[in-house]
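Rule-based calculations on the coordinates, nothing more; no lab input. Computed from a predicted model, the values in this text were never measured in an experiment. Note: ideal-geometry Cβ built from the backbone for every residue, glycine included; neighbour counts use all protein chains shown.
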Amino acid sequence: MIVACSKDQGIGVIRVSNALSAATVDTFREQLASWQAVEVNVKNYVIDLKQVDFMDSAGLGTLIAVLKRITERGGDLKIACLQKKPRMVFEITRAYKVFEIYDTVDEALKMFK
């Protein structure tokens, strides 16, 4: 399993436990979509990337697609615990301008209040 989903005060917390790359993004999307189908009332999300030590353009593209889908439904998405190598992908592509990035899941959760 790549994704562990839970709720904290009504906010979806998505913990990713693998690299987000071309090899894993389909599984990531499927697992997230099945959880979202069950938890239809969850609008806001925090994606915890603490265990993600590698991300390629496919991984970033998937996060952008997830952000787009969530915002189209009136929600918001924040990124937490971005590691060094994936952070470089965000910096090179300037994706940090698209996402709100926090050092911890708790910090990201507080921003929804």
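Hey, quick one: spin label on D56, modelled 7 Å out along Cα-Cβ, who in region 4-27 has an amide N within reach, i.e. under 15 Å? It comes to 19-27, nothing else. Strictly over 20 Å apart at the Cα level, which of K7/K85; K7/K78; K50/K85 would you flag in this model? The pairs that break the limit, which is 20 Å between Cα atoms, are K7/K85.
Each part gets one Cα centre, and for region 27-72 versus region 87-113 those centres are 14 Å apart. By DSSP, the beta bridges lying fully in the chain are antiparallel in about 35 percent of cases. Each of C81, C5 was scored by other Cβ atoms within 10 Å of its Cβ. Listed from fewest to most, they are C5, C81. Over the chain, the Kirkwood radius and the radius of gyration, each from Cα atoms, give a ratio Rg/Rh of 0.92. Computed per residue of the chain from DSSP H runs no shorter than four, each worth -39500 (n - 2.57), the mean residue ellipticity at 222 nm is -12500 deg cm²/dmol. On full extension, the segment bounded by D26 and Q9 gains 3.3 nm, given 0.36 nm per residue less the C-alpha separation. What is region 70-113 by shape, rounded, prolate or oblate, if you read a ≥ b ≥ c off the alpha carbon gyration tensor as root eigenvalues and call it rounded for a/c under 1.5, prolate for a/b larger than b/c, and oblate otherwise? Oblate is the answer for region 70-113, as a/c is 1.5 or above yet b/c matches or exceeds a/b.
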